[in-house]
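For reference, the structure is listed below as structure tokens.
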Amino acid sequence: MLVTGGAGFIGSHLAERCLERGWHVVAIDAFTDYYDQRLKRRNVARALEDPSYDLIEADLLELDLEELVRPVAAVFHLAAQPGVRISWDQFELYARQNVTVTHRLLEAARKVSLERLVIASSSSVYGDAESLPTGEDVVPRPVSPYGVTKVATEQLAHVYWRSFGVPTVCLRYFTVYGPRQRPDMAFNRLIALALRGEPFEVYGDGEQTRDFTFVADAITGTVAASERGKPGAAYNLGGGSRRSMNSVLDTLSDLLGRSVERAYLQPQRGDARDTAADIARAQGDLGYEPAYEFHAGLESQLAWQQALVETAESLS
Ligand code: NAD
Ligand code: UGA
């Protein structure tokens, strides 16, 4: 298995799950500076101890991808420039990392024989969707440049499936959380600030909702997609834990035994108001069933961040 973005939040969990399955894993990651690279080093530490794991530290655009793709059964393409709200200011970076890189990988894939090329897409393709929960056949109407690049990613995948038979499967992840969550994402920020006793900045009135997905569920769906996903298809992988940011703040307050401070700011451009996944297609084709209950999922992210803080304190 080849896992691009293998040192990232989702990719590092995926690589470990593949190793548990007894598969050999080649992970590729450029260790981009979007967030602290030491976190990515931690993410890969456990996998590096496994003799069935190889890490290539390089930019995908600088590699001979055909040579790397030829010997593997399946590719999981998770490398990307994520993050919705900063995508207004850095479109060239998003276009490179999300569109050009995917195109280069598809070009390599069409020259070899893969069982699956699983590609990370996003609930951001829906924008302010016309119906909730949202099925995959709704016309995508992203509200951020990031979402636009993910639509382009999916469209390229479909073109290569139609024209060359590359067995692409696109996965629309819905706001994933849990240990190793990226530091720019809401739960990571919220927990870090709450542990310091500082207020969390809520964008808007806090009543926006997300179909939060625990990372282990996202991984289960991703592995199933490599085995059972229909080539050419896109699947929603939602967590079944749709809730508002205000209710997330309340749950964290319960877990900490004190009220989490918050300050309400203006809504941010590029943020969809609500997301909710219709997962019927993933249930039917992939046997996907999110298993993690929200309270327990948030508790495990909290425990991971508390341990990070303790390690940092013991080093200082
Ligand atoms: P992440 O930033 O933690 O991981 C992405 C990794 O890709 C990083 O480690 C980065 O160094 C690497 N990378 C980027 N460009 C590269 C390149 N050119 N060559 C090699 N490596 C490169 O992000 P994540 O949250 O784990 O997201 C993984 C994928 O899932 C992304 O495609 C993202 O858009 C998508 N996604 C994530 C979420 C979520 O909630 N986290 C939701 C929807 C979609
Ligand atoms: C997340 C990921 O960052 C994207 O990479 C991914 O593509 C997307 O999920 C997706 O599901 O498609 P987002 O939903 O914005 O994007 O996730 P968070 O950054 O965790 O934000 C969740 C909510 O919290 C949003 O409504 C956001 O406005 C809010 N938020 C975030 C705040 O109120 N304050 C903050 O400091 C950060």
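The values are calculated or read from the model by the stated rules, or taken from the named source; none is laboratory data. This is a predicted model, so every value here is computed, not measured. Methodologically, a virtual Cβ is constructed for each residue, glycine included, from the backbone with ideal geometry; neighbour enumeration extends over all protein chains shown. Heavy atoms of the whole protein, side chains included, go into the accessibility calculation; ligands, DNA and RNA do not. Shrake-Rupley method; radii C 1.70, N 1.55, O 1.52, S 1.80 Å.
Miscellaneous remarks
- Fraction of accessible area attributable to carbon and sulfur, the chain (%, probe 1.4 Å): 48 percent
- For region 1-82, applying the loop criterion from DSSP together with a ceiling of 14 other beta carbons within 10 Å to the trypsin sites (Lys or Arg not before Pro) yields Arg21.
- Computed over region 186-316, Cα set: Rg, Dmax in Å: 17.0, 51
- Compactness relative to 2.2 N^0.38 Å, alpha carbon Rg of region 1-140: 1.10
- Each 5 Å bin from zero holds the following percent of Cα-Cα pairs in region 183-230: 5, 16, 16, 18, 15, 11, 10, 7, 3, 1.
- Viscosity 0.692 mPa s, 37 °C: Kirkwood-radius Stokes-Einstein D of the chain over Cα pairs, µm²/s: 166 µm²/s
- The residues neighbouring Thr134, those whose beta-carbon lies less than 15 Å from its own, together hold a net charge of -1 under the Lys/Arg +1, Asp/Glu -1 convention.
- Taking amide H as placed 1.01 Å from N in the peptide plane, the amide H of Phe200 sits under 5 Å from that of Glu261, Arg262, Ala263, each at least 5 places away or on another chain.
- Considering only Cα atoms, the convex hull volume of region 115-177 works out to 92 Å³ per residue.
- Rounded Å value of the spacing that divides the Cα centres of region 62-76 and region 234-284: 36 Å
- Phi-based couplings in Hz for region 259-271 (Karplus 6.51, -1.76, 1.60; Gly and Pro marked x): 6, 7, 6, 8, 10, 9, 10, 5, x, 9, 5, x, 7
- At most 15 other Cβ within 10 Å, DSSP loop - GluC sites (Glu not before Pro), region 112-212: Glu115, Glu130, Glu207
- Reach of Lys230 by Cα under 29 Å, taken over lysines that are not fewer than 8 positions away in the same chain: Lys111, Lys150
- For the chain, the antiparallel share of DSSP beta bridges with both residues in that region comes to about 10%.
- Both radii were evaluated on the Cα set of region 1-72; the Rg over Rh quotient, with Rh as the Kirkwood radius, amounts to 0.95.
- Two-decimal log10 I(q)/I(0) for region 192-262, as the Debye equation yields it once each C-alpha is a single scatterer, q = 0.22, 0.25, 0.26, 0.27 Å⁻¹: -0.96, -1.10, -1.15, -1.19
- Across region 116-229 the C-alpha pair distances fall into 10 Å bins from zero in the proportions 12, 36, 35, 13, 4, 0 percent.
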